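Q: Quick one: the structure is below, and I'll ask about it shortly.
The values are calculated or read from the model by the stated rules, or taken from the named source; none is laboratory data. Predicted model only: the values in this text are computed from it and were never measured. Reconstructed Cβ throughout: ideal geometry from the backbone, glycine too, with neighbour counts over all protein chains shown.
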Amino acid sequence: MRRLVWVLSVLAIASPSAARQTNHVMPVQEAVQSDLGRERLSDVPFYFAGQEHPPVVEEVSVARSNRSTRGLFRSDEEACQVAFLSALIQLQARARQERADAIVDIISVTKNRHLTSATEYRCIAGATVVHVGLEGRLVRFQKGSR
């Protein structure tokens, strides 16, 4: 009986922190211009929804990227940047693989909630894991317009 009371006490204390799901809306440029962003992002251009881009002549596919990273020993902001850049890097790799010129109309998708913004993305920070989801169209531009 004492053991059961102890287990229930531990669970009661641990569950609120384990269930944390903090939604953050973070600036795209801050992550892209960070040291990690400048170091890891490739030369595949990307445009968030609402940003102008060259004329599209062909849509190759729609790509999604869901990335998570550890949140322990990092601020939510730092962990969100890492997860965001990881998702964007994965989209760039997919664009290269499919020989697309760019990724356009990128939106943030987390927990089936869409954030359409040219300047911000959504990040969900849990007690130990941080998550970012992105979706964009892989496209080809007119020759010479990139």
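Q: Looking for something modelled with pLDDT under 95 and of a type in the set (Phe, Trp, Tyr) - is there at least one such residue anywhere in region 80-96?
A: Let us first name the residues in region 80-96 that are modelled with pLDDT under 95, namely none.
Looking for residues that are modelled with pLDDT under 95 and of a type in the set (Phe, Trp, Tyr), one finds none in region 80-96, hence no.
Q: Continuing with the same structure: For region 114-123, which positions are of a type in the set (A, V, I, L, M) and outside any strand (DSSP E or B)? Write out each step before concluding.
A: Step one: filter region 114-123 for residues of a type in the set (A, V, I, L, M), giving 115, 118.
Selection gives Ala118 alone.
Q: Output the number of residues of region 58-101 satisfying the condition of being free of Cβ contacts under 8 Å to residues at least 60 places away in the same chain and surrounded by fewer than 20 Cβ atoms within 10 Å (Cβ to Cβ). Spell out how you get there, then give the answer.
A: Step one: of region 58-101, the residues free of Cβ contacts under 8 Å to residues at least 60 places away in the same chain are 71-101.
With the extra rule that they be surrounded by fewer than 20 Cβ atoms within 10 Å (Cβ to Cβ), the set shrinks to 72-78, 86, 89-90, 93-94, 96-99.
Here the count works out to 16.
Q: Now a separate question. Hey, any hits in region 124-136 for a residue that's surrounded by 16 or more Cβ atoms within 10 Å (Cβ to Cβ), in contact with a strand residue (DSSP E or B) (Cβ under 6 Å, 6 or more places away or on another chain) and either part of a loop (DSSP other than H, G, I, E, B) or among the charged types (D, E, K, R) (or both)?
A: Yes, there is a match, as at least one residue in region 124-136 is surrounded by 16 or more Cβ atoms within 10 Å (Cβ to Cβ), in contact with a strand residue (DSSP E or B) (Cβ under 6 Å, 6 or more places away or on another chain) and either part of a loop (DSSP other than H, G, I, E, B) or among the charged types (D, E, K, R) (or both).
Q: May I pose another question? Filter region 1-40 for residues that are surrounded by 10 or more Cβ atoms within 10 Å (Cβ to Cβ), modelled with pLDDT of 50 or more and of a type in the set (Gly, Ala, Ser); which is farthest from the chain's Cα centre (by Cα)?
A: So the residue we want is Ala18.
Q: Those residues that are modelled with pLDDT under 95 and part of a strand (DSSP E or B), I need them from region 99-113; list them, please. Explain how you work it out, then say what you get.
A: Let us first name the residues in region 99-113 that are modelled with pLDDT under 95, namely 110-113.
Listed by number, the residues that qualify are Thr110, Arg113.
Q: Could you please give the count of residues in region 30-71 that are within 18 Å of Glu120 (Cβ to Cβ), assigned to a loop (DSSP other than H, G, I, E, B) and hydrophobic (A, V, I, L, M, F, W, C)?
A: Final tally of qualifying residues: 2.
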